[in-house]
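Please read the structure below before turning to the comments.
The values are calculated or read from the model by the stated rules, or taken from the named source; none is laboratory data. As the structure is a prediction and not an experimental result, all values here were calculated from the model. In this analysis, Cβ positions are derived from the backbone assuming ideal geometry, glycine residues included, and neighbour counts consider all displayed protein chains. Side chains included, ligands, DNA and RNA excluded: accessible areas come from the protein's heavy atoms. Shrake-Rupley method; radii C 1.70, N 1.55, O 1.52, S 1.80 Å.
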Amino acid sequence: MSRYVLALDQGTTSSRAILFDRDGKAVATAQQEFRQIFPQPGWVEHDATEIWGSQLACARKVLQSAGCAAADLVALGITNQRETTLVWERATGRPIANAIVWQDRRTADLCATLRASGVEERVTEKTGLLLDPYFSGTKIAWLLDNVPGARARAERGELAFGTVDAWLIWQLTSGRVHVTDLSNASRTLLFNLHTLEWDDELLQLLKVPRSMLPRLVPSSDVVASSSPDVLGAAVKIAGIAGDQQAATFGQACFAPGMAKNTYGTGCFLLMNSGHAPRRSHNRLLCTVGWRLGNKGADTYCLEGSVFVGGAVVQWLRDGLGFFANSAEVEALAAQAADNGGVYLVPAFAGLGSPHWDPNARGMMIGMTRGTTRAHVARAALESIAFQSAELAIAMQGDAASPLTELRVDGGAARNDLLMQFQADLVGVPVVRPAVTETTALGAAYLAGLAVGFWSGTEEIASLWRVERRFEPQIAAGKRDALVAEWKRAVERAKGWAQ
């Protein structure tokens, strides 16, 4: 009898596979990092074959470590780094170039040119997005224009585009199935939030041939079965969602106004905004959250995106050699009672919401002769909370109802110092669940729902458990002063690359 759902969680710096049981508990986990490729400043790439190889290795390893076989799986769910862009040959499955990662800034000039032509308002009206290098559409255009022969081949129908979910499904099905779900499609600049289809006007604007695009499918539905030789037996592929939408689902944010923040490589604050697109007036994004089945109502979210969140801790570890293990940052930061006036703006890949400045660059300011490594570590941690607080403030301006709590997940959510500072800055309780791997859990829930492993969102909500609540502890005046100083630092970092 099938006992588990397998979640494939393909992230920016590592691939993971997690087995979940009917109680929503992880019974086995496997993880593997892969290379980050930086060909020049502002460029970030991945080798698509390494993405697949690492993800497949994790899937096989997690089955082995749990002592089960593919036949024990009721379904498989996929969640992925979202806007990362891959183009491959339909005939061979070979990528035509490295994947261009969501953090990559190489299309900033193209975005600026499009913005200057006056089309951004129309693009935002249709997509809920802004013209920024973050999204997939301009990355596809760059590949077609810069890989020799690519545009002609695309026009002949020889090439396929996909975000990472589509690439994994292509590989899992040995090239039989080319699909993406609505949540991932809504991050491409090519998808119309109102018609829920690929949009011809947007395709023409970015010069992307329609023949490259995957078929659109729900987030929770049986869309294919894996080839038997991949995992040892055919497994139903029944859940697909971009990582942030999957985390929102895994956090059981099923009612409008419920919100979560994920602390991963970046930070992503999403609020359930109901069953219709809600336009942001504070430079946030509107995105598809999920669709449950072919006849299910679509859920939309408001989203704020921070490009460098937990990655700033990786930078302290790998770039500056502050410590050997990222978990050591909390103890180091705690050696300083406060930031000592030091502010670190980690705009290594520009600034996301609500600034949208691809030319901002990282900056540390406020240092004195008394500044120590502990102050720098604390400033790095605080930068994650400051950026997320900016998102929460902007979201409060767009939301129909006030934020009453913030559910958190991701690796850095396990950092107590960071979570307490986050509660202090947003002024509402920060709630950490018992399971912080909610991205993978959301993918598992979407897959399990499609095959009846779970009965509905009510049952899923009943499985959500609180591990710890962090209540705000500082006075509003002090909070406002800290945020004001942070804003002053951010203004210094803007536009530097110009």
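Scan region 375-391 and give yes if some residue there is surrounded by 19 or more Cβ atoms within 10 Å (Cβ to Cβ) and not in a helix (DSSP H, G or I), otherwise no.
First, the residues of region 375-391 that are surrounded by 19 or more Cβ atoms within 10 Å (Cβ to Cβ): 375-391.
Now drop any that are not not in a helix (DSSP H, G or I), which leaves none.
So far as region 375-391 goes, no, none of its residues is surrounded by 19 or more Cβ atoms within 10 Å (Cβ to Cβ) and not in a helix (DSSP H, G or I).
What about A160, is it in a loop (DSSP other than H, G, I, E, B) and at pLDDT 95 or above? Break it down into steps so the answer makes sense when it comes.
Working: in a loop (DSSP other than H, G, I, E, B): no; at pLDDT 95 or above: yes.
Against the criterion (in a loop (DSSP other than H, G, I, E, B) and at pLDDT 95 or above), A160 does not qualify.
Could you tell me which numbered condition A259 fails, if it satisfies all but one of (1) farther than 21 Å from N80 by Cβ; (2) open to solvent by 10 Å² or more (accessible area, probe 1.4 Å); (3) in contact (Cβ under 8 Å) with a residue 24 or more places away in the chain?
Of everything listed in (1) farther than 21 Å from N80 by Cβ; (2) open to solvent by 10 Å² or more (accessible area, probe 1.4 Å); (3) in contact (Cβ under 8 Å) with a residue 24 or more places away in the chain, A259 misses just condition (2).
Within the group A440, A484, which residue is aliphatic (A, V, I, L, M), under 23 Å from A241 (Cα atoms) and in a helix (DSSP H, G or I)?
On the way: A484 fails: under 23 Å from A241 (Cα atoms).
The conditions single out A440.
Restricting attention to region 166-220, and to residues there that are among the hydroxyl-bearing types (S, T, Y) and closer than 21 Å to D298 by Cβ, which single residue is surrounded by the most Cβ atoms within 10 Å (Cβ to Cβ)? It would help to see each step written out before you state the result.
Here is the first cut: in region 166-220, the residues among the hydroxyl-bearing types (S, T, Y) are 173-174, 180, 183, 186, 188, 195, 211, 219-220.
After this cut, where a residue has to be closer than 21 Å to D298 by Cβ as well, the list is 180, 183, 186, 188, 195, 219-220.
Working: T180: 28, S183: 32, S186: 31, T188: 27, T195: 9, S219: 34, S220: 28.
Selected residue: S219.
Enumerate the pairs (first residue in region 71-94 and more than 25 Å from A450 (Cβ to Cβ); second residue anywhere and β-branched (V, I, T) and open to solvent by 10 Å² or more (accessible area, probe 1.4 Å)) with beta-carbon separation below 6 Å, excluding pairs fewer than 6 apart on the same chain, so at least 6 apart or on different chains.
V87/I96
Return yes when A324 is in contact with a Lys or Arg (Cβ under 9 Å, 6 or more places away or on another chain) and in contact (Cβ under 8 Å) with a residue 12 or more places away in the chain and no when it is not. Let's see the steps before the verdict.
Details: in contact with a Lys or Arg (Cβ under 9 Å, 6 or more places away or on another chain): yes; in contact (Cβ under 8 Å) with a residue 12 or more places away in the chain: no.
No.
Hey, among the residues in region 118-149 that are over 24 Å from T195 (Cβ atoms) and of a type outside the set (A, V, I, L, M, F, W, C), which one's most open to solvent (accessible area, probe 1.4 Å)? It would help to see each step written out before you state the result.
From region 118-149, those over 24 Å from T195 (Cβ atoms) are 133, 142-149; that's our starting set.
In the following step, the residues that additionally are of a type outside the set (A, V, I, L, M, F, W, C) were identified as 133, 145-146, 148-149.
On the way: P133: 0, D145: 100, N146: 86, P148: 123, G149: 45 Å².
My answer is P148.
Taking the condition of being in contact (Cβ under 8 Å) with a residue 60 or more places away in the chain and in a helix (DSSP H, G or I), how many residues in region 51-70 meet it? Full working, then the answer.
Just the residues of region 51-70 that are in contact (Cβ under 8 Å) with a residue 60 or more places away in the chain, to begin with: 51-52, 55-56, 59-60, 63, 66, 68-70.
Now restrict to residues that are in a helix (DSSP H, G or I): 51-52, 55-56, 59-60, 63, 66, 70.
Number satisfying all stated conditions: 9.
Just one of (1) open to solvent by 30 Å² or more (accessible area, probe 1.4 Å); (2) at pLDDT below 95; (3) of a type in the set (V, I, T) trips up V428, so point out which.
That leaves (1) as the condition not met.
Within region 276-289, track down each residue that is out of contact with any helix residue (DSSP H, G or I) (no Cβ under 6 Å at 6 or more places or on another chain) and closer than 19 Å to G442 by Cα.
Once the filter is applied, which keeps residues that are out of contact with any helix residue (DSSP H, G or I) (no Cβ under 6 Å at 6 or more places or on another chain) and closer than 19 Å to G442 by Cα, region 276-289 yields only T287.
Enumerate the pairs (first residue in region 160-182 and among the basic types (K, R); second residue anywhere and surrounded by fewer than 24 Cβ atoms within 10 Å (Cβ to Cβ)) with beta-carbon separation below 8 Å, excluding pairs fewer than 6 apart on the same chain, so at least 6 apart or on different chains.
From region 160-182, the pairs are R176/A224; R176/S227.
Scanning region 411-421 for residues that are touching a residue at least 60 places away in the same chain (Cβ under 8 Å) and open to solvent by less than 10 Å² (accessible area, probe 1.4 Å), which turns out nearest to A259 (Cα to Cα)?
If we take residues in region 411-421 being touching a residue at least 60 places away in the same chain (Cβ under 8 Å) and open to solvent by less than 10 Å² (accessible area, probe 1.4 Å), then A413 is nearest to A259 (Cα to Cα).
Just to be sure, is Y300 within 25 Å of E120 (Cβ to Cβ), buried (at least 17 other Cβ atoms within 10 Å of the Cβ) and among the hydroxyl-bearing types (S, T, Y)? Let's see the steps before the verdict.
Numbers: within 25 Å of E120 (Cβ to Cβ): yes; buried (at least 17 other Cβ atoms within 10 Å of the Cβ): yes; among the hydroxyl-bearing types (S, T, Y): yes.
Answer is yes for this residue.
Which residues, taken from region 312-333, are more than 10 Å from A380 (Cα to Cα) and open to solvent by less than 30 Å² (accessible area, probe 1.4 Å)? It would help to see each step written out before you state the result.
Step one: of region 312-333, the residues more than 10 Å from A380 (Cα to Cα) are 314, 317-328, 330-332.
Listed by number, the residues that qualify are F323, L332.
Report, by residue number, each residue of region 221-257 that is within 18 Å of the chain's Cα centre (by Cα) and not in a helix (DSSP H, G or I). Steps first, answer last, please.
Going residue by residue through region 221-257, those that are within 18 Å of the chain's Cα centre (by Cα) are 239-253.
Across region 221-257, the qualifying residues are G239, I240, A241, G242, Q251, A252, C253.
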